[in-house]
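J.: Take this structure first; my questions come after.
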Amino acid sequence: MVAATRLDRNSEWQRDGIDRVIFLANGRQLLVDEKKREATDKKTGKPYLDVLLEEWSVFHGEGSHRNKIGWSLDRKKRCDFIAYSIPLAERCYMLPFELLRLAFETRRSDWAREYGFRHSQNQGYVTRNIPVPWKEVQIAILREMNRRFASPSGLELPTPFMVKDQLTFRWGTE
């Protein structure tokens, strides 16, 4: 990293889920959304070590048309990573957003059944989250990185064809 810029003002960047831009020495930039889990378990007094995945950022009840999608499922987010920090545990997970989103979409109902919901009361609205243990999130992201192909003999690519000067594959039955 050669520089990092924090984006605090109300802007398109913020609306797209970007809190920080990290500039790398090779010229690349990483777009990061920052989340912080500061709560502690009331029974043990220890910090939660789960990842609180936001299902609804504004929750008016099951099936309400006024519910607003949470950051964990938002397909319009433009960030590359979620920096998910747990300061009291001295941890920060750098989560690849698109893989996390796909993992949550795939496992959402199972995780809701297994771990339940946590509702957070804010000024004038409620958010609904699912607390998923870090290990489960990690495994789910790894599974999203692995795809199987239908062919038992391995990867079979469709026949390529040229469009101008670019090699193209036609997937599916178009």
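J.: Applying the selection to the range 1-53, what residues are over 21 Å from W111 (Cβ atoms) and of a type in the set (S, T, Y)?
T.: T5, S11, T40, T44
J.: Considering each of L73, L52 in turn, give the residue that is modelled with pLDDT of 95 or more, under 18 Å from I130 (Cα atoms), touching a Pro at 6+ places or on another chain (Cβ under 6 Å) and surrounded by 17 or more Cβ atoms within 10 Å (Cβ to Cβ).
T.: Result of the check over L73, L52: L52.
J.: Find the residue count for the range 102-127, including only residues that are in contact with a Leu (Cβ under 8 Å, 6 or more places away or on another chain) and closer than 14 Å to V51 by Cβ.
T.: Adding up the residues that qualify gives 4.
J.: Out of the range 128-174, which residues are among the charged types (D, E, K, R), in a loop (DSSP other than H, G, I, E, B) and either at pLDDT 75 or above or surrounded by fewer than 10 Cβ atoms within 10 Å (Cβ to Cβ) (or both)?
T.: Selection gives R147, R148, E156, K164, D165, E174.
J.: If you don't mind, there's one more thing I want to ask. Using the structure shown, decide if A4 is without any contact (Cβ under 8 Å) to a residue 40 or more places away in the chain, surrounded by 10 or more Cβ atoms within 10 Å (Cβ to Cβ) and not polar (S, T, N, Q).
T.: yes
J.: Now for a separate question. Over 22 Å from the mean Cα position of the chain (by Cα), over 18 Å from Y93 (Cα atoms) and of a type in the set (S, T, Y), is that true of T5?
T.: no
J.: For the range 3-23, indicate whether the set of residues that are farther than 21 Å from K76 by Cα and not in a strand (DSSP E or B) is non-empty.
T.: There is no residue in the range 3-23 that is farther than 21 Å from K76 by Cα and not in a strand (DSSP E or B).
J.: Let me ask something else about it. Keeping to the range 28-81, report how many residues are under 18 Å from the mean Cα position of the chain (by Cα) and among the small types (G, A, S).
T.: Residues flagged as under 18 Å from the mean Cα position of the chain (by Cα) and among the small types (G, A, S) within the range 28-81 amount to 3.
J.: Condition (residue is within 27 Å of R143 (Cα to Cα), touching a Phe, Trp or Tyr at 6+ places or on another chain (Cβ under 7 Å) and in contact (Cβ under 8 Å) with a residue 12 or more places away in the chain) applied to the range 13-31: is it met by at least one residue?
T.: Scanning the range 13-31 turns up at least one residue that is within 27 Å of R143 (Cα to Cα), touching a Phe, Trp or Tyr at 6+ places or on another chain (Cβ under 7 Å) and in contact (Cβ under 8 Å) with a residue 12 or more places away in the chain.
The values are calculated or read from the model by the stated rules, or taken from the named source; none is laboratory data. Keep in mind that this is a model prediction, so the values were computed, not measured. Quick reminder, even Gly has a Cβ in these numbers, built from the backbone with ideal geometry, and neighbours come from all protein chains shown.
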